[in-house]
Amino acid sequence: MSIDGAGMPDGWHRLWAPHRLEYLRGENRPLADNEVECPFCRIPKLDDAQGLVVHRGTDAFVVMNLYPYNPGHLLVCAYRHVPDLTDLTTEERDEISALTAHAMTTIRKVSSPGGFNLGMNQGAISGAGVAEHIHQHVVPRWSGDANFMPIIGKTKVLPQLLQITRDEIADAW
């Protein structure tokens, strides 16, 4: 059975981002049927440049998101492997909050975003890609960053390599 027109030119332009498929299939994510170590437990064992770590605190660390929504998208992660905000100690919650605020200040110095999205997805059903290890998203936003590319093209254009962005943010930290 064939679908008329499937695979035929139709006037739409498509931008392919095949690297995203690896993430969707579970790359760097500890899935039930996947023996991959938790990335947020593995990253602190690496050196900062290799792990894309921006800053290390006492109870939490800041790292570049490997699959960013926007340039400068950071994750503030507890060192302890716990899934939920209610599992954190007061000290861990306080440090995650303080590092989030410092990340915002630093990103403002580096790239002058107009705003931020901050958030924690608690549980896989809420959209957490790594639900087993709590992390806070710090996503810088600019006017017009939600243009046709992600909406129509399902592709995000990042103007800089993650390593360069990490270096700039880490240097400004």
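Net length available on complete extension from ASN121 to CYS41 is 27.0 nm, with 0.36 nm assigned per residue and the Cα-Cα distance removed. What does the net charge come to around VAL63 if you take all other residues with beta carbon closer than 12 Å to its beta carbon, with K and R at +1 and D and E at -1? Local charge sum for VAL63: +2.
Spread over its residues, the convex hull of the C-alpha atoms of segment 48-99 is 91 Å³ per residue.
Between the alpha-carbon centres of segment 42-59 and segment 110-149 there is a gap of 20 Å.
Quick note: the coordinates plus some simple rules give every number you see, no bench work behind them. Not measured: the values here are computed from a predicted model. Every residue, glycine as well, gets a Cβ built from its backbone with ideal geometry; the counts of neighbours run over all protein chains shown.
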